[in-house]
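For reference, the structure discussed in these notes is given below.
Every read-out reported here was derived from the displayed coordinates using simple, explicitly stated rules and does not represent laboratory data. Quick caveat: nothing in here was measured; it's all calculated off a predicted structure. Cβ placement follows ideal geometry from the backbone for every residue including glycine, while neighbour counts extend to all protein chains displayed.
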């Protein structure tokens, strides 16, 4: 809707109106609940969301889970995803050997930390790691061979 030239102005007006209504509600909540409320942290989060702009750093993408980050996918049909990157290493039998959460890092840069965690926990070195195409670029890391599928 908003990407069509004829609807752009309507979308801008609707955004402005929503921001105005939300600002009024937050100010009313702040006034009625007072300073010593259990909702102080939540109201501060609302104010931060209303204050953020397009080029703001440390944006909040979710009210209920503020740790969520924007992950750029680079695909036409799905440009962005919201969440956190996680690396889970499991054995061929399905046993989970290691799990680690990362920020918005390139997948290839997370291999060393994940392998180090598994080595620390199991006292064994992994010989072969099969990953998705996000691990493109490296064929071997610290003696561990990295296998990725070919492009379709």
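With n ≥ 4 as the cut-off for DSSP H runs, can you work out [θ] at 222 nm for the chain, using -39500 (n - 2.57) per run divided by the number of residues, rounded to the nearest 500?
One gets -11000 deg cm²/dmol as the mean residue ellipticity at 222 nm.
Report, in whole Å, the centroid distance computed from the Cα atoms of the stretch 1-39 and the stretch 116-152.
Between the Cα centre of the stretch 1-39 and that of the stretch 116-152, the gap is 46 Å.
Sequence gap at least 6, Cα distance under 8 Å: using those rules, report the relative contact order of the stretch 83-147 to the nearest whole percent.
Reported relative contact order: 25 percent.
In percent, how large is the relative contact order of the chain, given Cα pairs closer than 8 Å and 6 or more residues apart?
Result for the chain is 10 percent.
Once both labels are modelled 7 Å past Cα along the beta-carbon direction, what's the residue 138-residue 107 spacing in nm?
The modelled label-to-label distance comes out at 1.4 nm.
What distance in nm separates the simple spin-label points at residue 73 and residue 22, each placed 7 Å from Cα in the Cβ direction?
Going from the residue 73 label point to the residue 22 one covers 2.3 nm.
So in the stretch 83-147, what percent of DSSP beta bridges are antiparallel if you round to the nearest 5?
75 percent
At residue 95 and residue 35, where each label point lies 7 Å from the Cα along Cα→Cβ, what is the point-to-point distance in nanometres?
Here the modelled spin labels are 5.8 nm apart.
Suppose R0 equals 22 Å; then what is the FRET efficiency for residue 13 and residue 47 from their Cβ-Cβ distance, rounded to the nearest 0.05?
In this case the efficiency is close to 0.45.
Can you tell me the length gained on complete extension of the stretch residue 59 to residue 122, counting 0.36 nm per residue apart and subtracting the Cα distance? Could you put the intermediate results ahead of the total?
Details: separation 63, 0.36 × 63 = 22.68 nm, distance 3.78 nm.
Full extension of this stretch gives 18.9 nm more.
Read through the labelled values (i) 60, 47, 25; (ii) 55, 33, 24; (iii) 55, 42, 22 and report the label of the one computed as Cα extents along the principal axes in Å from the structure.
(i)
Using a Gaussian network model of the chain whose springs link C-alpha atoms within less than 10 Å, name the residue from 68, 141, 12 with the highest mean-square fluctuation.
12
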